[in-house]
1. Quick one: in segment 260-270, of everything that is touching a residue at least 60 places away in the same chain (Cβ under 8 Å) and open to solvent by less than 20 Å² (accessible area, probe 1.4 Å), which residue is nearest to the ligand (Cβ to nearest atom)?
2. Does residue 153 satisfy the criteria of being of a type in the set (Val, Ile, Thr) and within 13 Å of the ligand (Cβ to nearest atom)?
3. Find the residue count for segment 165-180, including only residues that are in contact with a Leu (Cβ under 9 Å, 6 or more places away or on another chain) and surrounded by fewer than 18 Cβ atoms within 10 Å (Cβ to Cβ).
4. Hey, among the residues in segment 394-415 that are on the phi < 0 side of the Ramachandran plot and touching a Pro at 6+ places or on another chain (Cβ under 7 Å), which one's surrounded by the fewest Cβ atoms within 10 Å (Cβ to Cβ)?
5. Please tell me if residue 247 is more than 16 Å from the chain's Cα centre (by Cα), aromatic (Phe, Trp, Tyr), open to solvent by less than 60 Å² (accessible area, probe 1.4 Å) and within 14 Å of the ligand (Cβ to nearest atom).
6. Can you tell me how many residues within segment 58-80 are under 18 Å from the mean Cα position of the chain (by Cα) and surrounded by fewer than 14 Cβ atoms within 10 Å (Cβ to Cβ)?
7. Among 391, 431, which is the only one that is in a helix (DSSP H, G or I), open to solvent by 20 Å² or more (accessible area, probe 1.4 Å) and under 27 Å from residue 44 (Cβ atoms)?
8. Residue by residue through segment 195-238, note down the ones that are within 30 Å of residue 294 (Cβ to Cβ) and of a type in the set (A, V, I, L, M, F, W, C).
Amino acid sequence: MARPDLMDRVVNLAKRRGLVFPSSEIYGGFRSTWDYGPLGVLLKRNVKEAWWRAMVQLRDDVVGLDSAILMAPRVWEASGHVATFTDPLVDCRNCQERFRADQLPASGACPNCGAKDSFTDARNFNLMFKTYVGPVEDAANVAYLRPETAQGIFVNFQNVQTTTRKKPPFGIAQIGKSFRNEITPGNFVFRTREFEQMEMEFFVPPEDGPEWFEYWCRERFRWYTELGIPEDQLRLRPHDPDELSHYSTGTADVEFDYPWGWGELEGIANRTDYDLTKHAEFSGQDLSFYDQENDRRYVPHVIEPAAGADRATLAFLLAAYHEEEAPTADGKVEKRTVLRLDPRLAPNKVAVLPLSKNEKLVPVSEEIATDLRSRFMIDVDLAGSIGRRYRRQDEVGTPFCVTVDFDTLDDRAVTVRDRDSMQQDRVSLDRLAAHLQERLPA
Ligand code: ATP
């Protein structure tokens, strides 16, 4: 499929099936934000849950945190965001559109109106959203919506370290909303002004930084492939020295081959001791760590894998989207759309489908649904032909359909249909939950 088509089809499917809606749509939309619908919220939660499981649950060297979005403004002075969290902004003198100077086409022509040499000089534009705390809107009460979750972790380094008694190397992970006043939001949920990050700060003895940086690059790349993104749609791209953030000695991006080209999914950075040193300086608190074993004191270096929940969700959707020919029950061939999502990410795990709305089939289906519901997210669909209902489940990635037919009333068994192979197995009702559980890994 031509790649612009792929994007259109995924955006269209997302809208049509309640994955992602344009924000404030009844007011004409808000362009820079999106809303996750009933199936989208499940998909995104599963993405975040898979991240949390890999980063926190399955490790004994990472703990979690949920810090506030609004923080003391001094945090952003210390971190360097007030002074340097900027993008270079240019205006087109001809059409007045604004662009990021570092994203202009090589031709020098305005991407909006085509005018040549029409840009103003670049000026730095700070991406942090400002607001006021309390009733008085003056300079003394300015606060910022956090542009990254990381600083909430750094300012809690001491709290977490002393309460958990973790020693470097150890990490603190957090999932939460961040806000950036992006000059050019776009490409669906790829770049928005409100988004969700999944970040982990890994604190290590200074000399071990480079080794842990390599480790986390490998681990994070593997996370995406294990959850089903083909390796040829991913790459790890080290930053050039002139691309590095103000705090970093080494950064590599995990990039995905989006329909418009390679783009960042996640950044892995060696932030050195920059943040803890700055916060120690600005707060007057000692944020060093005393290493009892070796009787030495040091400020830990930090390796940060910083991922976006929205970009990851989009990448999983794009990689999963397939259109293919499939045989119908009566021996014909028809086109089907299928989201080959890893079952762990699929919004619903099982759909319960009575063959018809027959008064005997519906109560049995309800009984089955009640039992399965306590174990998995499920859907029950009664409307339309069974073939059509399979297609509807395929296109939102439901791994299994359980069909209740007239034989069920006699043999107390159902048909379990696999989304990918479309193979159907007869499974007795008393084995059904266990059967599905075995085929749906945690
Ligand atoms: P970009 O270069 O694309 O602006 P960045 O390098 O500024 O991204 P980071 O600061 O490294 O991004 O943020 C970590 C992750 O947060 C990104 O890899 C991305 O997944 C996510 N992210 C950052 N900005 C946005 C945004 N505006 N919309 C959606 N996700 C974002």
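1. Of the residues in segment 260-270, the ones touching a residue at least 60 places away in the same chain (Cβ under 8 Å) are 260, 263, 270.
In the following step, the residues that additionally are open to solvent by less than 20 Å² (accessible area, probe 1.4 Å) were identified as 263, 270.
Working: 263: 7, 270: 13 Å.
Here the residue is 263.
2. no
3. Looking only at that region, the number is 1.
4. Just the residues of segment 394-415 that are on the phi < 0 side of the Ramachandran plot, to begin with: 394-396, 398-411, 413-415.
Add one more test, that the residue is touching a Pro at 6+ places or on another chain (Cβ under 7 Å), and what stays is 396, 399, 404.
Numbers: 396: 26, 399: 23, 404: 27.
Per the criteria, the residue is 399.
5. Details: more than 16 Å from the chain's Cα centre (by Cα): yes; aromatic (Phe, Trp, Tyr): yes; open to solvent by less than 60 Å² (accessible area, probe 1.4 Å): yes; within 14 Å of the ligand (Cβ to nearest atom): yes.
Judged against the criteria, residue 247 is a match.
6. Selection size over segment 58-80: 1.
7. Going through 391, 431 in turn, just one is in a helix (DSSP H, G or I), open to solvent by 20 Å² or more (accessible area, probe 1.4 Å) and under 27 Å from residue 44 (Cβ atoms): 391.
8. Within segment 195-238, the first condition is being within 30 Å of residue 294 (Cβ to Cβ), and the residues that meet it are 199-220.
Listed by number, the residues that qualify are 200, 202, 203, 204, 212, 213, 216, 217.
The values are calculated or read from the model by the stated rules, or taken from the named source; none is laboratory data. This is a predicted model, so every value here is computed, not measured. Methodologically, a virtual Cβ is constructed for each residue, glycine included, from the backbone with ideal geometry; neighbour enumeration extends over all protein chains shown. Side chains are part of the model used for accessible areas, which takes the heavy atoms of the whole protein and leaves out ligands, DNA and RNA. Shrake-Rupley method; radii C 1.70, N 1.55, O 1.52, S 1.80 Å.
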